[in-house]
1. Quick check of the Kirkwood formula: for segment 1-275, what is the inverse mean of 1/r over all pairs of different Cα atoms, in Å?
2. Starting from the Cα-Cα distance between residue 63 and residue 108, subtract it from 0.36 nm times their residue separation and give me the gain in nm to one decimal.
3. Before I look further, what does the chain give for accessible area per residue, probe 1.4 Å, in whole square angstrom?
4. May I ask for log10 I(q)/I(0) of segment 49-99 at q = 0.13, 0.14, 0.16, 0.17 Å⁻¹, from a Debye sum over the Cα atoms as equal point scatterers with solvent left out?
5. With the Cα gyration tensor of segment 172-260 in hand, give its eigenvalues times 5 under a square root as the equivalent ellipsoid semi-axes, listed largest first in whole angstrom.
6. What residues have an amide H closer than 5 Å to that of residue 244, excluding those fewer than 5 places away on the same chain, when H is modeled at 1.01 Å from N in the peptide plane?
7. With every protein chain present, what accessible area does residue 136 have (1.4 Å probe, heavy atoms only), rounded to the nearest 10 Å²?
8. Calculate the spin-label point distance for residue 192 paired with residue 43, positioning each point 7 Å from the Cα along the beta-carbon direction, and give it in nanometres.
Amino acid sequence: MDLVLEAADHHLLTPYVYPAGWPEAEPCRQLLSLFVITNLGALALYLLFGTLSYYFIFDHELKKHPQFLENQVQREIIYALRSLPWISVPTVALFFAEVRGYSKLYDNIEDSPYGWPGVFLSMLSFLFFTDMGIYWIHRGLHHRWFYKRFHKPHHLWKIATPFASHAFHPVDGFMQSLPYHVYPFLFPLHKITYLGLYIFVNVWTISIHDGDYRVPWLLRHIINGSAHHTDHHLYFDYNYGQYFTLWDKIGGSYKSPTAFEGKGPHDYLRKLRENGSACPNGNTDKTE
């Protein structure tokens, strides 16, 4: 995040926003700048990729599903926009620690003892580390002590759209993002690689809520895609993983997606059409 802060200081904040006498390295200035940058960045990622996914990938036929709520898209967006500033508060504290040099992020490939192979290995380890962390945090949030208070709002959306991707309670949203932020304090990671991975995980989070169940056949039971996550929203106790199905299989929570077995939301709608049944919106909210 210090690369983003440095660029913002150089091109905007120092010449146009802050007083000339306020040093760029002053902690209060850095915290304020990080808060603004983090919120604007999160908002841009959410609205840009959420909108693109909603209009170009999400199947709008799913809005006819009985468990699609009235005014759901607007409700998802409003909930996310209210939560993101609160999620950013502890996130900014971790970004501040990175900027102050407490993480293991490095600037140059030469700074890594493993060179370019180390960069690629760190990308893989980041994905596997965060997938493991999110699995256990997500599963923990389903415990009765935490579910109703923190995670239940996200399960309001049974048939989710891409805009549901960030519609979390602030505590829930931050806890599930924590592995991303913890990783660079434990393991070396190139700064630009970290920024790229940070964007990737946000886009991936949107993608698993987009209702597009197409996954290469050989990867269907390896990659945790939208079909898996749709069943998580529908059936609650399955498919907690983020990218892979590995930890669900280890933890006994893996469920083969109903969409792959001809029993998914699209199949349900098809049967309703064949039977000439109506598909009223918003009449079956069965949130656990």
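1. Values: mean 1/r = 0.0499 Å⁻¹.
For segment 1-275, the Kirkwood estimate is 20.0 Å.
2. On the way: separation 45, 0.36 × 45 = 16.20 nm, distance 4.76 nm.
Extra length from residue 63 to residue 108 when fully extended: 11.4 nm.
3. On the way: 14560 Å² over 288 residues.
That works out to 51 Å² for each residue.
4. Those come out to -0.50, -0.56, -0.66, -0.70, one per q.
5. So the equivalent ellipsoid measures 25, 14, 13 Å along its semi-axes.
6. 224
7. For residue 136, solvent-accessible area is about 130 Å².
8. Spacing of the two 7 Å Cα→Cβ label points: 2.9 nm.
The values are calculated or read from the model by the stated rules, or taken from the named source; none is laboratory data. A quick note: this is a predicted structure, and the numbers were derived from the prediction, not measured. Cβ: placed from backbone, ideal geometry, glycine included. Neighbour counts: every protein chain shown. With ligands, DNA and RNA removed, areas are computed over all heavy atoms of the protein, side chains included. Shrake-Rupley method; radii C 1.70, N 1.55, O 1.52, S 1.80 Å.
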